[in-house]
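The structure appears below as structure tokens.
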Amino acid sequence: MAVVKADAYGHGDIEIALALQNIGAYHFAVSNVEEAIGLRKAGVKGMILILGYTPSTCFEELYKFDITQAVYSEECAQLIIDFKKPIKVQIVLDTGMRRIGFDANNTNYCIDLIKKYSKLMNLNGIFSHLCVADSTDETCRQFTRKQLDRFNKIVKSVSDLNLEYIHCLNSAGGMWHNDNSSNLVRLGIVLYGLKADYNRKLPDKITPALTWKSVVSLVKFIEPEEFVGYGLTFKATKKMKIATIPTGYGDGYNRMLSNKGKVLVNNKPARIIGRVCMDQFMIDVTDIPEVKFGDEVILIGDGYTADDMANDIGTIGYEVVCGITKRVPRIYKD
Ligand SMILES: *Cc1c(COP(=O)(O)O)cnc(C)c1O
């Protein structure tokens, strides 16, 4: 199952889903009904599963567009039952993350509910979500095994219902854990070639799908003691060659990168100096003498990935790519 929520982690959900469909993908997951309808209208065929909340005012659309809805609480189940039309649903079990789902610690309660709901709703699956499958820490690995055990116990007890879709693994789970009861793996971050955990290697040949490029809009020299940017946060100690890049936090280029991040110009690293503005920022190109107006600048790419950028500012690659705003055009190549 391809997880294409949040505009396919910023990559463009319609293009990504259609490209994956072309190579055989038939199961997709999103976070809300707008995303689901957008995909359906664009020609996405197979299952589109909404992983979380949908307001009951949108149930008609779930039905009309053949969208599968997660059912994660009794309130949410009752609304769907009351709606009467057979919306496809899958039950979410909370195996330890404490986000959404029926409390899988309470095995008998879950089993009874699943049996009951299978008669009252168009139920075709059960799933759960892992919250530390990326970690190598032994306590975390044990926690994941506990989550999988809780899930498996319930799945086994309702096996007579012959539910079609059973799934518990995300990217990290799929790469580093086993779940014998699952027949789907919900792959998100690894589809885009990014890491669930910065310190662990991705399987061979998996590389980031996205490169983010900008351009040098101006080159100039500054003297010792001169400042750069808002707040005078950078002061030159020597004569420097600097360049301006026409990208900023309005594009999702994180302001936390101020005086911290780097870019690549002609494959050479150049550090950010001063604060990132809404639409521009400045870099030090003193040691890259050939840099000139119009040169291509790699903000994220080979040599400085979204994961590297995230690591520099204390977040995760997921947030970096999700944060690239709509005003940055996405260009697709085969
Ligand atoms: C986001 C999400 C995924 C995908 O997670 P990755 O770490 O990106 O693979 C899978 N399942 C659920 C329920 C999610 O919310």
query = Which one of 282, 240, 175 has the biggest mean-square fluctuation once the chain is modelled by GNM with Cα springs under 10 Å?
reply = 240
inquiry  = How far apart, in nanometres, would the label points at residue 326 and residue 209 be if each is projected 7 angstrom from Cα along the Cα-to-Cβ direction?
reply    = 2.0 nm
Cβ-placed point charges (K, R +1; D, E -1), dipole of the chain about Cα centre in debye, nearest 20 = 100 debye
task = Under a 10 Å cutoff between Cα atoms, tell me which one of 25, 17, 196 has the largest fluctuation in the Gaussian network model of the chain.
result = 25
Surrounding net charge for residue 146, when Lys and Arg each add one and Asp and Glu each subtract one, Cβ distance under 13 Å = 0
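Would you mind finding the longest exposed-site-free stretch of the chain, with exposed GluC sites (Glu not before Pro) meaning DSSP loop and at most 16 other Cβ atoms within 10 Å?
Numbers: sites that count: 164, 225, 226, 290.
Counting at most 16 other Cβ atoms within 10 Å as exposed, the longest clean stretch of the chain is 1-163.
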ask   = What is the set of long-range amide H partners of residue 261 at a cut-off below 5 Å, with H atoms built 1.01 Å from backbone N?
value = 272
ask   = What shape does region 1-105 take by its C-alpha gyration tensor, where a ≥ b ≥ c are the square roots of the eigenvalues and a/c under 1.5 counts as rounded, a/b above b/c as prolate, and the rest as oblate?
value = oblate
key: Helix-derived mean residue ellipticity, 222 nm - over the chain, DSSP H n ≥ 4, -39500 (n - 2.57), to 500   = -8000 deg cm²/dmol
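Can you classify region 257-323 as rounded, prolate or oblate using the Cα gyration tensor, where a ≥ b ≥ c are the square roots of its eigenvalues, rounded means a/c under 1.5, and otherwise it's prolate if a/b beats b/c and oblate if not? If you can, show how the numbers build up before the last one.
On the way: a/c = 1.96, a/b = 1.55, b/c = 1.26.
Cα axes put region 257-323 in the prolate bin.
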remark   = Among 5/41; 238/260; 119/153; 195/235; 45/156; 45/85, the pairs whose Cα-Cα distance exceeds 24 Å are 195/235; 45/156
task = Give the residues of region 131-155 whose amide nitrogen is closer than 14 Å to a point set 7 Å from the Cα of residue 181 in the direction of its Cβ.
result = 145-155
task = Could I have the simple spin-label model distance between residue 292 and residue 313, label points 7 Å from Cα toward Cβ, reported in nm to one decimal?
result = 3.2 nm
query = Counting other Cβ atoms within 10 Å of each Cβ, which trypsin sites (Lys or Arg not before Pro) in region 178-207 have at most 15 and sit in a DSSP loop?
reply = 200, 201, 205
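Readers should treat all values here as calculations from the given coordinates under stated rules, not as data from a laboratory. Just so it is clear, the structure is predicted and the values come from calculations on it, not from any experiment. Reconstructed Cβ throughout: ideal geometry from the backbone, glycine too, with neighbour counts over all protein chains shown.
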